[in-house]
Amino acid sequence: MIVADKKPIEEIIETTRNFKRLLILGCNECVTVCEAGGKKEVGILASALRMNALNQGREVKIDEITLERQCDHEYLEEIRNVVDQYDGILSIACGVGVQFTAEKYQATPVLPGVNTKFMGATEKRGLWVERCQGCGQCILATTGGICPVSRCAKRLFNGPCGGSSNGKCEISKEVDCAWQLIIDRMKALGTLEDYEKLSPIKDWSTDRAGGPRKVVREDVQL
Amino acid sequence: MTAVNPYNKNLDDRRATFIEYPQAVPLAFAIDPKVCIGCGLCENICLAKAVRYADRIKESALRVGAVILSSGSEGYDPSGLDYFGYGRSPNVVTSEEFERILSASGPYRGHVMRPLDREEPRRIAWIQCVGSRDTNRCGNGYCSSVCCMYAIKEAMIAKEHIHGDLDCTIFNMDIRTFGKDYEKYYLRARDKEGVQFVKARIHTVDPIAETGDLAVRYVDESGAIREEIFSMVVLSVGLQIPRASVALAGQLGIELNKYNFVATDPFLPVTTSRPGIYTCGVFQGPKDIPSSITEASAAACAAGRDLAAARGTETRSIEIPDEIDVSGETPRIGVFVCNCGINIGGIVKVQEVQDYAATLPNVVYTDQNLFTCSQDTQDKIKDKIKAHRLNRVVVAACTPKTHEPMFQETLQACGINKYLFEMANIRNQNSWIHSKDPAGATRKAKDLVRAAVARAGTLHPLEEKKISVIPRALVVGGGVAGMNAALGLANQGFEAVLVEKEEKLGGLANRLTHTIEGADVGAYVDDLIRKVNDHPKIQVQTQSLIVGFTGFKGNFSTEVLVGPGMYERKIAHGAVVLATGAREYQPKEYGYGEDPRVVTQLELGARLAEKGAGDLNEVVMIQCVGSRNEENPNCSRICCQSAIKNALHIKAENPDANVYVLYRDIRTYGLLEDYYTEARAKGVLFFRYSPERPPEVVAGEAGVAVTFEDPILGRRLQVSADLLALSAGMVAEDTEELGSIMKLARNAEGYFMEAHVKLRPVEMATEGVFVCGTAHSPKLLSETIAQAYAAASRATTFLSQSEMTLSAVVAQVDADKCASCLVCVRSCPYGVPRINAEGVSEIDPALCHGCGICAGECPAKAIELNWYEDDQLLCKVEALLEGVL
Amino acid sequence: MRLNYPTNVKIIRVPCTGKVDTIHILRAFEKGADGVCVIGCMEGDCHYNSGNFRARKRVEQVSHLLEQIGIGGERVKMFNLSSGEGPRFAQYAVEMTERVTALGPNPIKLARKRAAA
């Protein structure tokens, strides 16, 4: 899922300080699962911001709504009738949600409440790790299911660099060398002969480097 | 009138009218006739008219089907032991006195001070075995079993309570921490907390007049005389049977042993010499809390068997009228304010509070009473509920812990759902603790009533689901534990299905010949197997494996593969008893497996039964093999008595044989101590070794050469043994697969984890699942039998309900809001929430314990805990803070 | 055991501190509470196993938030004790009252007064 982390409250206080009527908009999907932007976080933020305002002698109206998702038009439509009651929306969905909400409600400032980090998985409660960078051309079949694009610091495609030591990356002892992992996995799978096969130069045009992307599926378009 | 307070061991005073201690049941006052001067004031003052001044002891006769004696023990009084300084210096205390000193509700309110000058001690010495293991000064030759552990506990807690550093030294002969996980506690005290353990028998404690300190003199292992100064000395007094209990036994015709404990047969641990009279706890023999609680349930099982035919004949059931459906109505709240005599009324202006309550939203009726908990007030409340059509009730009085269930019954008797009730604690949490501020207490009482009324308005009826209970138990394991549990259940009228993975029943006991008391294990096991096979209510499935398990308390379904043919069978049952047992550790040390002259104690026992000891001249035994080491930090409990049993057998047949026991601590606890004494008297030689320098074993032609150190001589000795017996410890049976199929908690050593170490020793955290025998932890055959009875007893309590009422205080998931994030699944301590077929979290009300952790964690606010819903708590917050901003 | 503590301490019952929601604590401060304590079993002895550990994390979260928004992180605290320790409860109640009194009233109250003036 998309993994995001809460923005420091000082930052949020700063960016929303001029709003007298604020809507905090949560999302019930990825940010709920990584405990950064669900209904509960909306409630906590709302209470904190209200108190902050009261403490500064300001009167603010802060309301709380959590949508199922902020990346589908239909769910965002649910707030159409109330949007003009607010000077600003603080969306604590991922960057996608913030933008989609902003695009739909052009007249209302939409601010982010979380920092969207990466596509990753829940290693355990409270620990999310990056696994995918959306390069657009998945090569996991050739690397034993371990991605060198997201897990190798240099994004190498043909084996480790000289900095790999004791299975760790040269940038930090906490980071596994992706290629060590790949070799170990291919050994376990018995496919180590494939390791010798050279990977061709990657076509990065499918990656963000080739410009903003879209996916079109004619077969499901109405 | 005051007197010294015997509960606090005469360390402080109390009145002539007193409550003995905070946990007393009933929590009511009594008059001490020895101190009472006879003024009769108490009777006149009591507003509840509860004092019967002229009350005298009355005799009444009860007709019963069984009797259980659990009269317990008293601490040994060391006053006769002049050399300890007890009585000469107040800073020499017994462990019982020290416990009261440590207690937050004791004479010093939990500040650890020494009695003489109330100074905080810097160094405390514990002297073990005072009044135990001592046939010289007192007649108590047995080991009291609990003193080593309690001394360590007192040292640990004293260290916590004292602000500076505290040096603790425990003078002992052996440290007997043989219970489940107790050894780990000992190691933590010694290695992490720095409690010192010195092997010495103290011969003199002299008070030092100038400082109040005590000079403790002893001889250390090298023979040197040492003297150390301590601020306090604690005598670890043993447990002994009071004279009154001896007299009681005499009256009842119960046989006692030479130490006045009840004489019992090792295979019938809770049965006395008189049929129908059972015993448990320390009267049966010195033991700790978990063992006492286990034996209590065991005695209940034994008595229950006698009474099985009469079950239910004297119980009364209460008629509850149908519930009125108030769901559509607006709340009509009745507020009843209590005076509680003068407890509330003397501080709080109750009339003011009642008048205030009448102004609150949705309140349609208010009243006040002198004692709201009295029977006639209950009738009055019922009338008012009906007369004013009240559909919510608030009682402003004491703590819900005392009377909430009773008030809820009053509501139910009027057809009102019991969850439409709220209490405001204006006594324990108000008038009692604000006695110096009546105006403040009145104000606060109004605040608390306002909060209670606000919450009452948010309450809605909750349904307590009823589930049926299948009156059958599944017993996993057909050893001595499993068979006794099955018989315990079957003899009380419940069906038991006994599943055993081997071909034969009997388990580890099949390898035993005799107990240390000389009882014939083989004959007992054969008899047990016959009883189990013949019993009409027990089904035995040998060569069977459990492969599946579903359901919840009262309604389990277990899939079993039966017999060599492996045919599948589904068993429906209401409870489970785990009795999977343990094995003897197979040593890797000391040449075991390489030389046939190196055997384990079980093998030695079998060998002695078969061939006798005539050909054995030099036998060495090494204790603690496979126990108390890094791999297995626990004590296996039974090996010391096992070694001594075999040693005595050898000496009985061949008195000239030399038997050497190399040990770390001899743990012949309780009544087993006599066998240790006998072994020494018969010439068995005991040598202590330290784990850093274990014995060395080299197998040679002439014999197995065992080299070890004698700590007294300070020399190394070597014996050429005909036989080397290793006291190999116990290892839990491999229950990893079973544990994962049935979701059973096991500790690091593979033993099942009970719900509470002390108070619920045979129950697992999952309701309806029980555990007994060595599957729980290493123990003797007699202890296994007691624990099996106990598990059967707890299981029958469970199964004897025709239906179980589940509490309505359970968590519920709103499927529409659930984000399937798995946070609740991960945070529930009982593993209850599950992602169901629809992909959202679901909580089974039969499994939910009602803690609310999932509700607090849910990032989507999709879970509410019944009766503690968010707005039901938030409305109290808002009501209490009304008008502040 | 007639102990004493100040009347400003008011108690809301929950089955386990694991039920106490971050939002409940924040709402109390929002409505003008000067201090909030969460009182649960001794660590390792939670009647429901882990509820008090979860509560501790939430209390820490609230404390941090309160500090960031200028209300004061010291106003919320978790206490662990066993249900048999009446005197200790009273001691903690007194301690908390003294601590909060020293911190002064909830700044929101003062801000409100200033705004009204």
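Read the figures in this text as sums done on the coordinates, not as results from a lab. Treat the numbers as computed from the prediction; the structure is a model and nothing was measured. Using ideal geometry, Cβ is built from the backbone for each residue, glycine included, and neighbour counts are taken over all protein chains shown.
Would you mind computing Rg(Cα) / (2.2 N^0.38 Å) for the protein assembly as shown, counting N as its residues?
Numbers: Rg = 35.4 Å, N = 1224, 2.2 N^0.38 = 32.8 Å.
Compared with the compact-globule rule of thumb, the protein assembly as shown sits at 1.08.
Among B:PHE98, B:PHE84, rank each residue by its count of other Cβ atoms within 10 Å, from fewest to most, as a rough exposure measure.
B:PHE84, B:PHE98
Please compute the length gained on full extension between B:THR330 and B:ARG201, using 0.36 nm multiplied by the number of residues separating them and subtracting their Cα-Cα distance.
Numbers: separation 129, 0.36 × 129 = 46.44 nm, distance 7.60 nm.
So the extension gain works out to 38.8 nm.
If I stretch the segment between C:ASN8 and C:ALA117 completely, what's the gain in nm (0.36 nm per residue apart, minus their alpha carbon distance), one decimal? Numbers along the way, then the final one.
Working: separation 109, 0.36 × 109 = 39.24 nm, distance 2.66 nm.
Extra length from C:ASN8 to C:ALA117 when fully extended: 36.6 nm.
Can you give the mean number of other chain Cβ atoms that lie within 10 Å of the Cβ atoms in peptide B:866-875?
Averaged over the peptide's residues, the number is 3.
Cross-chain or 8 or more residues apart, Cα under 23 Å: how many lysine pairs in chain C fit that? Count them up, please.
14
Across 10 Å bins from the origin, how do the percents of Cα pairs in chain A run, short distances first?
7, 26, 26, 20, 14, 6, 1, 0
Can you compute the helix-only [θ] at 222 nm over the protein assembly as shown? Use -39500 (n - 2.57) per DSSP H run of at least 4 residues, normalise by all residues, nearest 500 deg cm²/dmol.
It comes out at -8500 deg cm²/dmol, rounded to the nearest 500.
Rounded to whole Å and ordered largest first, report the semi-axes of the equivalent ellipsoid of the stretch A:133-208 derived from its Cα gyration tensor (root of 5λ).
Three semi-axes, in Å: 19, 17, 10.
Measure nothing but the geometry: give the 0 to 90° angle between the long axis through the Cα atoms of C:51-68 and the longest principal axis through the Cα atoms of chain C, rounded to 10°.
20
Amide H neighbours of A:ALA36 under 5 Å, at least 5 residues apart or on other chains, H built in the peptide plane: list them.
none
Report, for chain B, the % of DSSP beta bridges that are antiparallel, rounded to 5. Don't jump to the answer; show the numbers that get you there.
On the way: 62 of 133 bridges.
Within chain B, antiparallel bridges account for around 45 percent of the total.
Could you tell me what percent of the DSSP beta bridges with both partners in the stretch A:2-118 are antiparallel, to the nearest 5?
20
How large are Rg and Dmax for chain B when calculated on the C-alpha trace, in angstrom?
31.5, 100
For helix B:870-880, report the angle its Cα long axis makes with the longest principal axis of the Cα atoms of chain B; keep it between 0 and 90° and round to the nearest 10°.
Around 60 degrees separate the two axes.
Using the Kirkwood radius over C-alpha pairs as Rh, can you work out the diffusion coefficient of the stretch B:330-419 via Stokes-Einstein at 4 °C, viscosity 1.567 mPa s, in µm² per second?
Result for D is 99 µm²/s.
Across peptide B:817-826, how many C-beta atoms of other chains are within 10 Å of each residue C-beta, on average?
Going residue by residue through B:817-826 and averaging, the value is 5.
Considering every residue in C:103-115, what mean count of other chain Cβ atoms within 10 Å of its Cβ is obtained?
Across the residues of C:103-115, the mean count of other-chain Cβ atoms within 10 Å is 4.
Taking chain C as the reference, fit the longest principal axis to its C-alpha atoms, fit the long axis of helix C:107-116 to the helix C-alpha atoms, and give the angle between the two in degrees, 0 to 90, nearest 10.
With rounding to tens, the tilt is 30 degrees.
Report the paramagnetic label zone for B:HIS388: residues of the stretch B:445-467 whose backbone N is under 16 Å from a point 7 Å from Cα along the Cα-to-Cβ axis.
Residues passing the 16 Å test: B:449-450, B:452-454, B:456-457.
Determine which residues of the stretch B:407-429 fall in the zone a paramagnetic label at B:GLU882 would reach in this model, i.e. backbone nitrogen under 18 Å from the point 7 Å along Cα→Cβ.
B:422-426
Considering the options C:ALA93, C:HIS24, C:GLY51, tell which one lies farthest towards the positive end of the dipole of the stretch C:17-116, charges being +1 on Lys and Arg and -1 on Asp and Glu at the Cβ, about the Cα centre.
C:HIS24
Which order do peptides A:195-207, C:67-79 fall in by mean Cβ count within 10 Å, highest first?
C:67-79, A:195-207
Quick check for me: using +1 on Lys/Arg Cβ and -1 on Asp/Glu Cβ, what's the dipole size of the protein assembly as shown about its Cα centre, in debye to the nearest 20?
Once rounded to the nearest 20, the dipole reads 2740 debye.
Output the antiparallel fraction of DSSP beta bridges having both residues in the protein assembly as shown, as a percent to the nearest 5.
Working: 75 of 165 bridges.
So the antiparallel bridges amount to about 45 percent of the total.
Can you figure out the FRET efficiency of A:ARG131 with B:THR17, using R₀ = 60 Å and their beta-carbon distance, to the nearest 0.05? Can you show the working numbers first?
Values: r = 72 Å, r/R0 = 1.20.
Using R0 = 60 Å, I get an efficiency of 0.25.
Going 7 Å from the Cα of A:ALA209 along its beta-carbon direction, which residues of the stretch A:126-170 have the amide nitrogen within less than 13 Å of the resulting point?
Under cut-off, by backbone N: A:135-137, A:149-150, A:154-157.
Calculate, for B:ALA609 and B:GLU517, the FRET efficiency according to 1/(1 + (r/R0)^6) with r their C-beta to C-beta distance and R0 25 Å; round to the nearest 0.05.
Taking R0 as 25 Å, the efficiency between B:ALA609 and B:GLU517 is 0.95.
Over chain B, what relative contact order in percent results from Cα pairs under 8 Å that are six or more residues apart? Spell out each step's value before the answer.
Values: 1829 pairs, mean separation 100.2, N = 885.
11 percent.
Can you give the Rg to Rh ratio of the stretch A:2-118, both from alpha-carbon atoms, with Rh computed by the Kirkwood formula?
Working: Rg = 12.9 Å, Rh = 13.8 Å.
Here Rg/Rh amounts to 0.94.
With the dipole of chain A worked out from charges on the C-beta (+1 for Lys and Arg, -1 for Asp and Glu) around the Cα centre, which of A:GLY95, A:LEU67, A:SER164 lies farthest toward the positive end?
A:SER164
So if I place +1 on the C-beta of Lys and Arg and -1 on the C-beta of Asp and Glu, and nothing else carries charge, what would the dipole magnitude of chain B be about its Cα centre? I want it in debye, nearest 20.
Using only the charged Cβ atoms, the result is roughly 1760 debye.
Report the FRET efficiency, 1/(1 + (r/R0)^6), for B:ARG109 and C:MET42, where r is their Cβ-Cβ distance and R0 is 22 Å, rounded to 0.05.
Once the sixth-power term is evaluated, E becomes 0.75.
What does the extension gain come out to for B:VAL25 and B:ASP814, with contour length at 0.36 nm per residue minus their alpha carbon separation? Don't jump to the answer; show the numbers that get you there.
Working: separation 789, 0.36 × 789 = 284.04 nm, distance 4.28 nm.
Residue separation times 0.36 nm, minus the Cα-Cα distance, leaves 279.8 nm.
Rounded to two decimals, what is the ratio between the C-alpha radius of gyration of the stretch C:17-116 and 2.2 N^0.38 Å?
Details: Rg = 14.4 Å, N = 100, 2.2 N^0.38 = 12.7 Å.
For the stretch C:17-116, the normalised Cα radius of gyration is 1.14.
Taking the Cα centre of the stretch A:133-208 as origin and charging only Cβ (+1 Lys, Arg; -1 Asp, Glu), how large is the dipole, in debye to the nearest 20?
In total the dipole reaches around 160 debye.
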